Amino acid sequence: MEHSATLAILIDALSWPAVETSGFLRRPCPFRKPVRTILGYSSAAVPSILTGQPPQVHGRWSYLYYDPEHSPFAWTRWLNLAGPLIHNRLVDNPVLKRVIAGWTARRHGYDGYFPVYDFPLRYLHRMDHCSKHWDFHPGAFDCPSLIDVLQQNGLPACFLTYPMPEEDIFQRCLEALHPGGPRLLFLYLSAVDALGHAGGPVAPAILSRLQWYEQRIQEILEEAGRRGIAVSLFVFSDHGMVSIRGTVDIRRRIESLPLRFGKDYIAVYDSTMARFWYLDADCRPHIRRSLAECEQGRLLTEEDKSRYGIAFAGDRYGQDIFLVETGLVIHPSHMSRRLLQAMHGYDPDDAINDGIFLASHPPAIEPADITDIFPLLLHQLGIHP
């Protein structure tokens, strides 16, 4: 063999049960194990893979957070001139919010994934967004990433990610695979996440997709052999996927209190977490007391935040954070009006939330957490920072 290359494939939300059920890549990847994820969604987990750091270091966690002074959505305060119309769910709808998010991103020159989901338009002007820069561009995070380190070391690499269609990702990987080509080929495949939300962790559609992935990966490995290239294959995910067994209506609980959203407090109701900022400090005990009475989750302590790597300066992502039990979702929420079949973003200490790691050979650094993938790839490429 005249040339070697590392093929790293990140499959969003691929769970250990799906890998075990399907036997995915069992022959080409005999080294197989689950890996612990972080607390949060892909908005935090993918940056943790790319930097080897927890969210409080790389700066990303949940997309929206309260910061009216730096809000790129400040212009949307004028939407409140519509009066009662802005409170109408037919007007305040996800389609309009996608248009507003897209226009705002273009206006500011942002190239990151920039959703606002179903957060109320009348309060959007008070919120900032953590994903202004594309994860796979240099300088995207508050610390160096894999992209930065490879660039600094002059090591050629090829990153192929969504929104490129997955068929095109595999085709372009084949085209880039040649002697003297990139030392690292990094593919980010996202379809399994959507299929899991729609059908569950081991839905037939996921098993079918994994079969197709395996065929395409095998084609790449065979073509590499014909071209005289020795490929080291690493396949991993950012987190798993958990079947939904029930819902928690945190919004109704909080809105039953004699407090006003936007006057006394601001909340973001994610799928599995409710995050609060207090505009009137006197309302904090009331909200905390109400949340403490909810037996379907728990308020995170400061010790929890440190342990999970989300102890952000200034409580950037919430002064209080309520995490629901694994398998439950907050509904209704600011994420989706539809109730999905499966979710992620639960307590990472619960092994059912683990991501996966598969390899063509035992790695020099055996990963226990998704943050271990960054140093593993650098070591594989001969970079020892």
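You will find that of 300, 358, 291, 328, the residue that is at pLDDT 95 or above, closer than 30 Å to residue 32 by Cβ and not assigned by TED's automatic domain parsing to the domain that holds residue 47 is 328 and no other. Screening the stretch 327-364 for residues that are of a type in the set (S, T, N, Q) and not in a helix (DSSP H, G or I) and picking the one that is nearest to residue 248 (Cα to Cα) gives 333. Check whether at least one residue in the stretch 365-374 is crowded, with 18+ Cβ neighbours inside 10 Å, in a helix (DSSP H, G or I), assigned by TED's automatic domain parsing to the domain that holds residue 36 and of a type in the set (Phe, Trp, Tyr), and report yes or no. Yes, the stretch 365-374 contains a residue that is crowded, with 18+ Cβ neighbours inside 10 Å, in a helix (DSSP H, G or I), assigned by TED's automatic domain parsing to the domain that holds residue 36 and of a type in the set (Phe, Trp, Tyr).
Checked across the stretch 66-75, the condition of being among the acidic types (Asp, Glu), touching a residue at least 12 places away in the same chain (Cβ under 8 Å) and in contact with an Asp or Glu (Cβ under 6 Å, 6 or more places away or on another chain) holds for at least one residue.
Which of the residues that make up the stretch 8-28 are surrounded by fewer than 19 Cβ atoms within 10 Å (Cβ to Cβ) and either among the polar types (S, T, N, Q) or free of Cβ contacts under 8 Å to residues at least 60 places away in the same chain (or both)? The answer is 20, 21, 23, 26, 27.
Across the stretch 237-265, which residue is farthest from residue 26 (Cα to Cα) among those that are part of a helix (DSSP H, G or I) and of a type outside the set (Val, Ile, Thr)?
Of the stretch 237-265, the ones part of a helix (DSSP H, G or I) are 250-255.
Filter once more, keeping what is of a type outside the set (Val, Ile, Thr): 251-253, 255.
Details: 251: 44, 252: 47, 253: 47, 255: 50 Å.
The selected residue is 255.
Here is the figure for the stretch 108-150: residues that are without any contact (Cβ under 8 Å) to a residue 24 or more places away in the chain and in a helix (DSSP H, G or I) total 1.
Return the only residue of 322, 234 being outside any loop (DSSP other than H, G, I, E, B) and either among the charged types (D, E, K, R) or more than 30 Å from residue 181 (Cα to Cα) (or both).
On the way: 234 fails: either among the charged types (D, E, K, R) or more than 30 Å from residue 181 (Cα to Cα) (or both).
Result of the check over 322, 234: 322.
For residue 79, the criteria (1) over 20 Å from the mean Cα position of the chain (by Cα); (2) among the aliphatic types (A, V, I, L, M); (3) modelled with pLDDT of 95 or more hold in every case but one, which is (3). The set of residues from the stretch 161-209 being farther than 15 Å from residue 19 by Cβ and among the hydroxyl-bearing types (Ser, Thr, Tyr) comprises 161, 162, 188, 190.
Please go through the stretch 265-284 and pick out each residue that is farther than 28 Å from residue 43 by Cα and in contact with a Leu (Cβ under 6 Å, 6 or more places away or on another chain).
Kept after step one, since they are farther than 28 Å from residue 43 by Cα, are these residues of the stretch 265-284: 280-283.
Answer for the stretch 265-284, where residues must be farther than 28 Å from residue 43 by Cα and in contact with a Leu (Cβ under 6 Å, 6 or more places away or on another chain): just 283.
Number of residues in the stretch 124-168 that are touching a strand residue (DSSP E or B) at 6+ places or on another chain (Cβ under 6 Å) and under 27 Å from residue 385 (Cα atoms) equals 7. The set of residues in the stretch 283-298 being without any contact (Cβ under 8 Å) to a residue 24 or more places away in the chain and not in a loop (DSSP other than H, G, I, E, B) consists of 285, 289, 292.
How many residues are within 18 Å of the chain's Cα centre (by Cα) and not in a strand (DSSP E or B) if we restrict to the stretch 1-14? Don't jump to the end; show me each part of the working.
As a first pass, look at the stretch 1-14 and keep what is within 18 Å of the chain's Cα centre (by Cα): 8-14.
Keeping just the survivors that are not in a strand (DSSP E or B) gives 12-14.
Adding up the residues that qualify gives 3.
The values are calculated or read from the model by the stated rules, or taken from the named source; none is laboratory data. Just so we're clear, the structure is a prediction, and the values are computed from it rather than from any experiment. Here the Cβ is made from the backbone with ideal geometry for all residues, glycine too, and neighbour counts use every protein chain on show.
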